[in-house]
Amino acid sequence: MLKVIQSPAKYLQGPDASTLFGQYAKNLADSFFVIADDFVMKLAGEKVLNGLHSHDISCHAERFNGECSHVEINRLIAILKKHGCRGVV
């Protein structure tokens with residue numbers, strides 16, 4: 001069975017990279033599902049969300065509950081579908 005993964009050809013790093021994310025994300029999708037644990041959400045969540053909104057990109061953020069399980073994956077998939085997100089961060 002053929003397995004394929006595609007990822008963007010850009011990697012952002014540096015001061016204020018999280019706030020500039022929307023500038024590059026707008027070429028990938030018009031709505032994003034932002035997933036992160038509590039630590040990352042507190043560190044960069046607001047900056048990423050504001051960066052997306054400043055480029056007229058809709059988004060929904062959800063906290064990852066810390067355990068990669070079928071229950072958690074299915075929970076996140078249901079939320080992604082509910083909000084109609086077309087990209088995942």
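Every number here is computed from the coordinates shown, using simple stated rules; none is lab data. As the structure is a computational prediction, the values presented were derived from the model and not from experiment. For neighbour counting, all protein chains shown are included, and Cβ atoms are generated from backbone atoms with ideal geometry for every residue, glycine included.
Under the criterion of Cα pairs below 8 Å and six or more residues apart, the relative contact order for the chain equals 37 percent. Placing pseudo-labels 7 Å out from each Cα toward the beta carbon at Leu20 and Ile5 gives an inter-label distance of 2.6 nm.
Checking the cross-link pairs Lys3/Lys47; Lys47/Lys82; Lys26/Lys82 against a 26 Å limit on the alpha carbon distance flags Lys3/Lys47 as lying beyond it. With the highest mean first, a sort of the peptides 46-59, 15-28 on other beta-carbon atoms found within 10 angstrom per residue produces 46-59, 15-28. Rounded to the nearest 500, the helix-only mean residue ellipticity at 222 nm of the chain stands at -10500 deg cm²/dmol, with each DSSP H run of n ≥ 4 adding -39,500 (n - 2.57).
Look at the dipole of the chain built from charges on Cβ: of Asn65, Leu28, Gly51, the Cα furthest out on the positive end belongs to Leu28. Counted by neighbouring Cβ atoms within 10 Å, the residues Met1, Met41 run from fewest to most as Met1, Met41.
A Cβ-based charge dipole, computed about the Cα centre of the chain with Lys and Arg at +1 and Asp and Glu at -1, lands at about 280 debye. On full extension, the segment bounded by Asn27 and His55 gains 9.0 nm, given 0.36 nm per residue less the C-alpha separation.
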